[in-house]
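Okay, structure first, notes after.
Please treat every number below as a calculation from the coordinates, not as lab data. None of the values given here were measured: they were computed from a predicted structure. Using ideal geometry, Cβ is built from the backbone for each residue, glycine included, and neighbour counts are taken over all protein chains shown.
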Amino acid sequence: MGKNSVRKEQILESAAKLFRKKGFKATSMRMIASNLGLEAASLYNHIHSKQKILEELLLGMGGRFMEGMKEVEDSKKNPLEKLDLLIGLHVKLTLSYPEQISLITGDWVHLEEPALTQYKTLRNAYELKFKTIIIDGMNEGLIENIDIEMALFSILSSLHWLYSWYARHPEMKGSDIEREIKKCLISGLKKREENP
């Protein structure tokens, strides 16, 4: 990775932290530059606007989720095992990119076109694929017959807000978080054995 690429990554990381702390609207390019010990003019040499920073952060995160989803879809696992993998994906990305993940819960609304449509397209495609895995699990008798929309909302809401919970429990290991959240989210979906 070249010097410019490293600096750009530093800018994105610094901006994500400020967006999380102060909100996108309240954060200025000058504040991002100051946080890095740069002059604002120097910042513009690497990235030309706050909007472009938001685009790169959110579309980049959307891309990571879609790459992870493709790996899960391509696996030979059954639907319950695929849900297990997807929850693991969310936990890993949350622990690796907590600031960027925090943007998913609100600041995405500040995206401008065409990035807004691109982001919504990624999000909708991901949610549809997630929903399809749940439906497959129901059809295969692995998952209880449940309201699909409610199940999807419950799972993704829990996963999207994990970054906030983790900020209050930084001492907890990633593997422990993954194990516990899988217990919470998957156990309610599993088909129960019927009494003879």
Scale the Cα Rg of region 89-129 by the rule-of-thumb value 2.2 N^0.38 Å and send over the ratio, two decimals. 1.24
For region 82-97, 3J(HN,Hα) per residue [Karplus equation, 6.51 cos²θ - 1.76 cosθ + 1.60, θ = phi - 60°, Hz, x = Gly/Pro]: 5, 4, 4, 5, 5, 5, x, 4, 4, 5, 4, 5, 5, 6, 7, 9
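In µm²/s, what is D for region 1-48 at 20 °C and 1.002 mPa s, where D = kT/(6 pi eta Rh) by Stokes-Einstein and Rh is the Kirkwood radius from Cα pairs?
200 µm²/s
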Evaluate 2.2 N^0.38 Å with N set to the residue count of region 137-185, then give the Cα radius of gyration divided by it. 1.39
Which far-off residues, 5 or more places away or on another chain, put their amide H under 5 Å from the one on I143, with H placed in the peptide plane? M138, K191
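Starting from the Kirkwood Rh over alpha-carbon pairs, what translational D in µm² s⁻¹ does region 110-167 have by Stokes-Einstein at 20 °C and 1.002 mPa s?
Calculated translational D: 163 µm²/s.
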One quarter of the convex hull surface, Cα atoms only: what value does that give for region 1-83 in nm²? 7.2 nm²
With an 8 Å cut-off on Cα pairs and a minimum separation of 6 or more residues, tell me the relative contact order of the chain in percent. 24 percent
From the residues L36, Y97, N145, which one has its Cα farthest along the dipole of the chain in the positive direction, the dipole being from +1 and -1 charges on Cβ of Lys/Arg and Asp/Glu about the Cα centre? L36
Between their Cα atoms, which of K50/K131; K92/K129; K21/K120; K22/K173; K25/K182 are more than 30 Å away from each other? K50/K131; K25/K182
In the neighbourhood of I11 defined by beta carbon distances under 12 Å, the net charge of the other residues (Lys, Arg +1; Asp, Glu -1) is +2
Once you charge only the Cβ atoms, +1 for Lys and Arg and -1 for Asp and Glu, what is the size of the charge dipole of the chain about its Cα centre, to the nearest 20 debye? 700 debye
Using the 2.2 N^0.38 Å rule of thumb for compact globular proteins, work out how region 50-186 stacks up: its C-alpha Rg over that value, please. 1.06
